[in-house]
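*Asks:* Okay, handing you the structure first.
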Amino acid sequence: MIINNINDRDFFDTRHGGAFDRGSADSWYSRGIEPHYYVGGTGTSEKITDLTEKQIAEYMAGYEYNEMFGGKKDWS
C-alpha cells in the first residue's frame with residue numbers, strides 16, 4: 001500500500017502507540033520494518049506483534065508516509 005495523497009492518513013487510526021504511528025516512528029528513527037503497535041501509549045502498555053492484515057497495512061502506511069513526507073532523526 002502506497003500513500004499517494006497526504007490526506008490518505010486520515011483513513012487510519014493515527015493515535016500515539018497505534019500501528020500507523022509506530023510505522024512512522026520506525027521510519028523516522030531509521031529502524032527496520034517490524035509491524036507492531038501498543039494497546040495504549042508507546043512503551044507504557046502491552047506491545048502487540050501478532051497483527052491482522054489491516055493492522056499490518058496501517059503500520060506499513062505509517063512507515064511509507066514518513067518515507068514520502070517525513071524526515072529522519074539526525075543522530076549527529
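*Asks:* On a straight-distance basis, which aspartates and glutamates could pair with LYS72 in a cross-link, Cα separation under 16 angstrom, same-chain partners fewer than 8 positions away excluded?
*Replies:* Cα-Cα hits under 16 Å: ASP21, ASP26, GLU64.
*Asks:* On to the next question. So what is the relative contact order of the chain, in percent, for Cα pairs below 8 Å that sit 6 or more residues apart?
*Replies:* 39
*Asks:* Modelled label-to-label distance, GLU53 and LYS72, 7 Å Cα→beta-carbon offset: nm?
*Replies:* Distance between the two pseudo-spin positions: 3.3 nm.
*Asks:* Sum up the charges of everything whose Cβ sits under 11 Å from the Cβ of GLY17, counting Lys and Arg as +1 and Asp and Glu as -1, but leave GLY17 out.
*Replies:* So the surrounding residues net to 0.
*Asks:* Sticking with this one: Given DSSP loops and a limit of at most 12 other Cβ atoms within 10 Å, what is the longest stretch of the chain that contains no such chymotrypsin sites (Phe, Trp or Tyr not before Pro)?
*Replies:* With chymotrypsin sites (Phe, Trp or Tyr not before Pro) excluded where exposed in loops, the chain gives 30-74 as its longest stretch.
Quick note: the coordinates plus some simple rules give every number you see, no bench work behind them. The structure presented is a predicted model; accordingly, all values stated were derived computationally and were not measured. Glycine gets a Cβ as well: all are built from the backbone with ideal geometry, and neighbour counts include every protein chain shown.
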